[in-house]
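One structure below.
The values are calculated or read from the model by the stated rules, or taken from the named source; none is laboratory data. All values reported here derive from a predicted model rather than from experimental measurement. Using ideal geometry, Cβ is built from the backbone for each residue, glycine included, and neighbour counts are taken over all protein chains shown. Quick note on the areas: whole protein, heavy atoms, side chains included, nothing else; ligands and nucleic acids left out. Shrake-Rupley method; radii C 1.70, N 1.55, O 1.52, S 1.80 Å.
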Amino acid sequence: MMDASATQRFIAIQIGARSFVDEGVDKCLDTLQEKASVNVLMPTVFTYGRGLSGRQIPGLPLPDHGVQSYDEVHGGSYTKVHPEFYTKSVIQDIRAPELGDFDILADVTPKAKAHGMKVYCLFEEAYNPRLMPNFEKIAEVDVYGKIGHSTCFNNPNARIFLTSMVQDWFSNNDLDGMMWESERQGPLNSALKADFSTAPQRSISCFCTYCLRKGQEQGINVERARAGYRALDHWVTQITTEPPPSDGSFVTLWRLLLEYPEILAWQSFWFHSQEEMYGLIYGTVKEANPKAQVGWHIMHLISISPFFRADQSYARLAHVSDYIKPSPYNNCAGPRLAQYVRNVQSTLFRDFTPDQVLEMHYKILRLTGEPSLDKLPTAGLSANYVFAETERAMADVKGAVPIYPGIDIDIPTALTEKRTQPADVKAAVLAAFKAGAPGVVLSRKYAEMKLTNLAGAGEALRELNAG
């Protein structure tokens, strides 16, 4: 069992159902307490993605625990679906089939409570339309009218589906809280490739009938917005495939934004719609259990991209939050930031070299002493990066809600890139608490963490307790 001093801090870990099935519930819980003094369990209750479910990603080294083979992930709900909560939902059949009748809430929560742990269910906005009948009825629509792979925040059917799941979970389980992951950044940032994805194309969404109607009601010229994003998409194609224009990339982009101010208006409309969904989920949880703590995972880009950072306001989110989890994942930040720099240098910063783009971002993000671009993929970012983002988030909320930064433990990178070491984890945990955070979230999922690296968190906590 964990020592009493550790219980004063919020030490959470994200974990999928597969780990409990492979290793046994009690054994998993014992390991988490022994290695890292975990006192808050964040079991993944819904996702169709591999990031929070299943074992290690195929092709990457298996960790030093669990079944030593890769698995297939279908995804969906890893807890029982009670049909009475979905009578108004167009999405019904979401039960994940790969683990049989195992229920990550009913089979884990009582045992976690017996171990002295709180339970915050974790669910991710990661869908597989092919496996979800009627998904098109809740889906976003891109600027060309194509059905997307995620939900539309303004679609009433999508809102009903999400709140139905939340009502189901909190009505049938003794939960202490919840965290939602919505890793999206809106049409403008997606169009400009302001991310660390290597995908050749991004979805420029949403322009469904619900969004068009709502945008028009808010005074936006929706046809101009749609025309502006098509023109922006054309500009990106030209700037990345043809010789640079005489005025350069930045000037021609700015000219396009002046010609179509609706582009920025639609981006603002999109992220405020996302915040409305946060508010809806927050209210749904509070109606079921007023004492439950509701928070949000804010994706890694907030500490890499000044564009996504400008969209997000911790102070504004605090009004519909009980806590916020920023994600200053410093180990994988090396290769991710390097790829992000390559992406934005290919579009809006083609007037600069990649090294100049990185240096500019370091200045904007107020990061000093971090690696040059050639060393970045293998070095990662320092623990000071964790400290800086934690401190910034805490200053933004001004004590309104706790900040629990995510700690990168073996978040996947290529074998030739930065790999997590126990000292990295220890330094990141110490940096988070040095910045004043009252807790941390060990991320991304237990199934891909090496126990030796997880123990780095425990070592940091023992050092803090001894001090």
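Okay, residues lined up against (1) closer than 25 Å to residue 450 by Cβ; (2) in contact with a Gly (Cβ under 8 Å, 6 or more places away or on another chain):
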{"site": "43", "(1), (2)": "yes, yes"}
{"site": "106", "(1), (2)": "no, no"}
{"site": "126", "(1), (2)": "yes, yes"}
{"site": "141", "(1), (2)": "no, yes"}
{"site": "146", "(1), (2)": "no, no"}
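Give the residues of the range 363-403 that are exposed (fewer than 15 other Cβ atoms within 10 Å of the Cβ) and part of a helix (DSSP H, G or I), sorted by residue number. Selection gives 363, 364, 395.
Of the residues 92, 68, 56, which is touching a Leu at 6+ places or on another chain (Cβ under 6 Å) and either assigned to a strand (DSSP E or B) or open to solvent by 40 Å² or more (accessible area, probe 1.4 Å) (or both)?
On the way: 92 fails: touching a Leu at 6+ places or on another chain (Cβ under 6 Å); 56 fails: either assigned to a strand (DSSP E or B) or open to solvent by 40 Å² or more (accessible area, probe 1.4 Å) (or both).
Only one candidate qualifies: 68.
As a summary of the residue check, residue 151 satisfies the conditions (1) open to solvent by less than 20 Å² (accessible area, probe 1.4 Å); (2) more than 22 Å from residue 52 (Cβ to Cβ) except for the one numbered (2).
Note on the range 229-262: among residues that are of a type in the set (D, E, K, R) and without any contact (Cβ under 8 Å) to a residue 24 or more places away in the chain, the one that is most open to solvent (accessible area, probe 1.4 Å) is 255.
How many residues are in contact (Cβ under 8 Å) with a residue 40 or more places away in the chain and either open to solvent by 40 Å² or more (accessible area, probe 1.4 Å) or in a helix (DSSP H, G or I) (or both) if we restrict to the range 184-202? If you could, list the steps in order and put the result at the bottom.
At the first step, the residues of the range 184-202 found to be in contact (Cβ under 8 Å) with a residue 40 or more places away in the chain are 184-189, 191-198.
With either open to solvent by 40 Å² or more (accessible area, probe 1.4 Å) or in a helix (DSSP H, G or I) (or both) added as a condition, the list becomes 186-189, 191, 193, 196-198.
Qualifying residue count for the region: 9.
Considering the range 265-302, the residues that are within 24 Å of residue 185 (Cβ to Cβ) and of a type in the set (Asp, Glu) include one that is most open to solvent (accessible area, probe 1.4 Å), namely 276.
Which residues, counting only those in the range 71-89, are acidic (Asp, Glu) and open to solvent by 70 Å² or more (accessible area, probe 1.4 Å)? Walk me through how you get there before you give the answer.
Quick first cut of the range 71-89, residues acidic (Asp, Glu) only: 71-72, 84.
Correct list: 72, 84.
Just one residue in the set 52, 60, 105 is farther than 21 Å from residue 170 by Cα and hydrophobic (A, V, I, L, M, F, W, C); that residue is 60. Summed over the range 267-308, the residues that are polar (S, T, N, Q) and under 15 Å from the mean Cα position of the chain (by Cα) give a count of 3. In this structure, does residue 226 turn out to be open to solvent by 20 Å² or more (accessible area, probe 1.4 Å) and more than 19 Å from the chain's Cα centre (by Cα)? Yes: the conditions hold for residue 226. Of the numbered criteria (1) of a type outside the set (Gly, Ala, Ser); (2) open to solvent by 50 Å² or more (accessible area, probe 1.4 Å); (3) outside any loop (DSSP other than H, G, I, E, B), the one residue 144 fails is (3).
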